[in-house]
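Working notes, structure below.
A short reminder: the numbers here are calculations on the coordinates, not readings from a lab. Please read all numbers here as calculations on a predicted model, not as lab measurements. Note: ideal-geometry Cβ built from the backbone for every residue, glycine included; neighbour counts use all protein chains shown.
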Amino acid sequence: MRSVNKVILLGNVGQEPKIISTSTGGLIANFSIATSYSEKPRDGHESHVITEWHRLIAFGRTAEIIRDYVRKGAKLYVEGSLQTRSWDKDGEKRYSTEIVIREMSLLSSSLLASAAAPAGAAFGTVEAETAAARANSGRVNPEIQDDDIPF
């Protein structure tokens with residue numbers, strides 16, 4: 001039997017990413033993004049927005065891109081997988097679940113306009129999408145097709 005561990009998020013960065021250098025010279029990026037949706041109560045009262053926060057982690061080249069281009073408030077499209085870590089603190093078992101980023105698209109044109117990278121430059125699995133590309137395609141992310149959406 002096959003199993004799948006895949007998470008897809010489109011949200012806004014909640015704080016400046018924390019970048020950590022490893023002893024081997026690699027980078028790790030930690031940050032969170034918020035996703036929101038509106039919910040209308042059954043009693044007919046006014047709808048309200050519910051926000052969920054998601055912890056993300058990235059390694060290597062993806063962490064470098066995050067360090068150089070991702071800022072608080074940026075809109076990101078992220079694909080990754082869930083990972084749960086555990087550790088002992090003061091004799092108590094602690095757990096943390098986070099999303100390990102496998103692919104990411106930067107969707108905030110204001111951040112990309114000030115970036116030093118050439119327009120539309122690709123960074124491995126991480127793509128920087130420019131405002132011009134979005135305007136030409138008429139979509140938020142031209143890489144996402146209707147056939148890619150599972151519902």
Near-label residues of the range 74-93 by backbone N, under 11 Å of a point 7 Å along Cα→Cβ of Arg55: 83-87
Candidates per GluC sites (Glu not before Pro) in the range 1-66, loop by DSSP, up to 15 other Cβ within 10 Å: Glu46
Pairwise Cα inverse-distance average, inverted: Kirkwood Rh of the range 1-86 (Å): 14.8 Å
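For Arg71 and Glu39, FRET efficiency with R0 = 25 Å and r from the beta-carbon atoms, rounded to 0.05? Could you put the intermediate results ahead of the total?
Working: r = 29 Å, r/R0 = 1.16.
Plugging the Cβ-Cβ distance into 1/(1 + (r/R0)^6) gives 0.30.
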